[in-house]
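J.: One structure coming up, written as structure tokens, with questions to follow.
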Amino acid sequence: MNVEDNNYLPRLTEAAVGVARKAGARILEVYDRGFDVDTKKDGSPVTTADHLAHSLIVEELGRLQPTMPVLSEESTGDAIKDRRTWPSYWLIDPLDGTKEFISRRGEFTVNIALIHQQQPVIGVVYTPVQDLLHWGFQGGDAHRQVGDAQVECIQVKKFRHGIPTIVASRSHGRGNLDKFLQSVERSYGGYELTSMGSALKICIVAEGKADVYPRLGPTSEWDTAAAHCVLLVAGGTLTDCDGNPLLYNKQSLLNPWFIASGRGDEDWSRHLIDLPRDNPS
């Protein structure tokens, strides 16, 4: 994969945006007409929309780059087994936020990332219900677009030691989050908190609408890769609780706990001092 070619990543990103939009349209067809919910072996829910979006994305990316492997949340067998030998591959979550989809809250996304040497170099996050698109690629800018409106360049904001704005998961890790929030409140006298589902939380930090997103609960690599790329391109960071950059194609597909943040000199990990350093990878 020639990431040094100045036109390579922009072309692939544009194509991936189109694929994400197609997958989003397929998901909305199911969302509008009703669907059945099954349970996977790990206890998480899965719907017809997950499977249809997976098949569409894999097929479309296969046409785009026939020799590039694809790893999806819905992958099985050889893809899971062989992935450690891949220097580059597409990493997708066809429907991130299945619980939000089932609850009809609208906060679910299509996530498409290109991984190269354990780093996300393309990221596309599409929110079908809002027709909201976030995307970026290594060496370029991060963007946001709603429907056919004008494309906006986005950047993280710099935390200036006022009252921090925090975005958090709607349904995971509440006990650990409460301890984090208590520490932040002691330091700054308060905080503003927004809760939502899916990869949108990282995108909110990338847009500069939140200072930090602490994820103190389980995620997998396909949950974070696309939005991680958008955040990096927008000037932010995503690290584990010890400040190490999050990497992909690890031995385990589970992520460690992490902190997504914008610019500034606040060490958000200090608010985890009384919490264990959970690291499933």
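J.: About the Cα centre, and with charges only on the beta carbon of Lys, Arg (+1) and Asp, Glu (-1), how big is the dipole of the chain? Nearest 20 debye, please.
T.: Details: 29 positive and 37 negative charges, 69 e Å.
Magnitude of the dipole: close to 340 debye.
J.: Let me ask something else. By how many nm would the segment from Q130 to Q145 lengthen if fully extended, with 0.36 nm per residue of separation less the alpha-carbon distance?
T.: Numbers: separation 15, 0.36 × 15 = 5.40 nm, distance 1.02 nm.
Taking 0.36 nm per residue and subtracting the Cα distance, the gain is 4.4 nm.
J.: Taking amide H positions as placed 1.01 Å from N in the peptide plane, with prolines and chain starts having none, which residues 5 or more places from A168, or on another chain, fall under 5 Å of its amide H?
T.: Distant-sequence amide H within range of A168: T194, S195, M196.
J.: Let me ask something else about it. At 7 Å along Cα-to-Cβ for each site, give me the label-to-label distance between T239 and R63 in nm.
T.: Modelled inter-label distance: 4.3 nm.
J.: Quick one: what do you get for the range 89-210 if you divide its Cα Rg by 2.2 N^0.38 Å? Show your work: numbers first, answer last.
T.: Working: Rg = 15.8 Å, N = 122, 2.2 N^0.38 = 13.7 Å.
Against the compact-globule rule of thumb, the ratio is 1.15.
J.: A follow-up question, please. What is the angle, in °, between the Cα long axis of helix 174-188 and the longest principal axis of the Cα atoms in the chain? Nearest 10 is fine, range 0 to 90.
T.: 50 degrees
J.: Which entries in K209/K250; K201/K250; K41/K99; K41/K179; K158/K201 show an alpha-carbon gap greater than 20 Å?
T.: Working: K209/K250 30 Å; K201/K250 23 Å; K41/K99 16 Å; K41/K179 31 Å; K158/K201 17 Å.
In this structure, K209/K250; K201/K250; K41/K179 lie more than 20 Å apart at Cα.
J.: For the range 1-89, which trypsin sites (Lys or Arg not before Pro) pass both filters: DSSP loop (anything but H, G, I, E, B) and at most 11 other C-beta atoms within 10 Å? Numbers along the way, then the final one.
T.: On the way: sites: R11, R21, K22, R26, R33, K40, K41, R63, K81, R83, R84; in loops: K40, K41.
When the trypsin sites (Lys or Arg not before Pro) of the range 1-89 are filtered for loop state and at most 11 Cβ neighbours within 10 Å, K41 remain.
J.: Let me ask something else about it. Along each of the three principal axes of the Cα atoms of the chain, give the extent in whole Å, ordering the values from largest to smallest.
T.: For the chain, the Cα spread along each principal axis is 53, 44, 41 Å.
J.: Got a sec to turn the phi values of the range 72-80 into Karplus ³J(HN,Hα) couplings, 6.51 cos²θ - 1.76 cosθ + 1.60 with θ = phi - 60°, whole Hz, x for Gly and Pro?
T.: Residue by residue, the range 72-80 yields 10, 4, 8, 5, 9, x, 4, 4, 5 Hz.
J.: Evaluate the relative contact order of the chain (contact order divided by residue number), counting alpha-carbon pairs under 8 angstrom at least 6 apart; express in whole percent. Write down the numbers at each step before the final one.
T.: Working: 612 pairs, mean separation 46.1, N = 281.
The value is 16 percent.
J.: Report Rg (one decimal) and Dmax (nearest whole number) for the range 18-87, counting Cα atoms only, units Å.
T.: Cα radius of gyration and Dmax of the range 18-87 are 13.6, 41 Å respectively.
J.: Hey, could you pull the Cα Rg and Dmax for the range 165-272, both in Å?
T.: 12.8, 41
J.: Convert each backbone phi in the range 62-69 into a coupling constant with the Karplus relation 6.51 cos²θ - 1.76 cosθ + 1.60 (shift: θ = phi - 60°), then list the ³J(HN,Hα) values in order as whole Hz, x for Gly and Pro.
T.: Whole-Hz 3J(HN,Hα) from phi for the range 62-69: x, 5, 5, 9, x, 9, 8, x.
J.: With n ≥ 4 as the cut-off for DSSP H runs, can you work out [θ] at 222 nm for the chain, using -39500 (n - 2.57) per run divided by the number of residues, rounded to the nearest 500?
T.: Details: 7 runs with 89 residues, N = 281.
Computed ellipticity for the chain at 222 nm equals -10000 deg cm²/dmol.
J.: Per residue, what volume in Å³ does the Cα convex hull of the range 8-154 take up?
T.: On the way: hull volume 17.0 nm³, N = 147.
Convex hull volume per residue, Cα atoms: 115 Å³.
J.: Given a cut-off of under 8 Å on Cα pairs at least six residues apart, what relative contact order in percent is computed for the range 34-104? Working shown, then result.
T.: Numbers: 65 pairs, mean separation 22.5, N = 71.
Averaging sequence separation for qualifying contacts and normalising by length gives 32 percent for the range 34-104.
J.: Do any trypsin sites (Lys or Arg not before Pro) in the range 140-249 lie in a DSSP loop with no more than 15 other beta carbon atoms within 10 Å, and if so, which?
T.: R160, K209
J.: Considering only DSSP states other than H, G, I, E and B, which GluC sites (Glu not before Pro) in the range 1-75 qualify as loop sites with at most 15 other Cβ atoms within 10 Å? The partial results should precede the final answer.
T.: Working: sites: E4, E14, E29, E59, E60, E73, E74; in loops: E4, E73, E74.
Passing sites in the range 1-75 are E4.
J.: Hey, if you put +1 on the Cβ of every Lys and Arg and -1 on every Asp and Glu Cβ in the chain, which of A142, L12, S103 ends up farthest toward the positive end of that dipole?
T.: So the residue furthest toward the plus end is S103.
Bear in mind these aren't lab numbers, they're just calculated from the coordinates by the rules spelled out. Since this is a predicted model, take the numbers as computed values, not measurements. Using ideal geometry, Cβ is built from the backbone for each residue, glycine included, and neighbour counts are taken over all protein chains shown.
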